[in-house]
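Please treat every number below as a calculation from the coordinates, not as lab data. Quick caveat: nothing in here was measured; it's all calculated off a predicted structure. Note that we place each Cβ from the backbone using ideal geometry, even for glycine, and neighbour counts take in every protein chain shown.
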Amino acid sequence: MFKVFVSYSTHDLKNVTELQHSLVGTGVEVFIAEHSVVPSELLTEKISSAIAACDLFILLWSAKAKASDWVPQEIGKAHSLNKIILPLILDEGLELPGFISGLKYLPVYRDPQVSMTQVQDFVLKQFRTKQAAIRKKEQEEARNLLVLGGLVLWLFNQK
């Protein structure tokens with residue numbers, strides 16, 4: 001399973017919903033705190049573990065996200081865990097913060113539809129890359145088992 005964590009301000013839920021809809025049918029699991037955390041669950045723990053488990057961290061960066069207490073912490077956690085971060089800038093003239101200021105971003109404010117298509121393409125590319133790596137690892141493990149099995153048979157047949 002390919003897991004995507006979406007970091008956002010609750011003031012940007014319209015954009016979050018558009019992003020979520022653009023990823024429907026791609027086979028990825030999308031974590032959106034608004035929908036992924038149920039009442040009574042510890043929010044900080046759930047968010048922290050979701051960031052740690054994600055394959056891709058998508059940041060919806062807006063003036064509201066910049067002012068949020070949560071979003072900068074989520075960015076810091078993702079950065080410290082060396083997660084792939086895909087920044088989407090929602091507000092024109094806004095720069096990315098600190099450690100991620102040098103990342104290439106998608107300017108959603110210019111053309112939201114084109115940007116969502118680009119996000120979907122990026123997510124699918126990352127998903128396929130992960131699937132290919134998993135298949136390669138499985139093939140290597142199967143080959144190693146065959147070699148080991150052959151070695152065991154050879155040893156048993158030695159007199």
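When the Cα convex hull of region 2-156 is projected onto planes of every orientation, the mean area is 12.2 nm².
Counting only DSSP H runs of at least 4 residues, each contributing -39500 (n - 2.57), and dividing by the residue count of the chain, the helix-based mean residue ellipticity at 222 nm comes to -18000 deg cm²/dmol.
Considering only 139, 20, 120, the mean-square fluctuation computed in a Gaussian network model of the chain, springs between alpha carbons under 10 angstrom, is largest for 139. Extension gain for residue 42 to residue 145 (0.36 nm times residue separation, less C-alpha to C-alpha distance): 32.8 nm. Pairs over the 21 Å Cα-Cα cut-off, from the set 3/77; 14/66; 46/137; 14/64: 46/137. Considering only 93, 80, 40, and ranking their Cα positions along the charge dipole of the chain that arises from unit charges at the beta-carbon of Lys, Arg, Asp and Glu, the one farthest toward the positive end is 80. Sites listed here are GluC sites (Glu not before Pro) in region 7-100 whose DSSP assignment is loop and whose Cβ has at most 13 other Cβ atoms within 10 Å: 41, 92, 95.
Distance from the C-alpha centroid of region 48-68 to that of region 118-133: 19 Å, rounded to the whole angstrom.
Can you tally the net charge around residue 56? Count Lys and Arg as +1, Asp and Glu as -1, for every other residue whose Cβ sits under 15 Å from the Cβ of residue 56.
+3
Under the criterion of Cα pairs below 8 Å and six or more residues apart, the relative contact order for the chain equals 22 percent.
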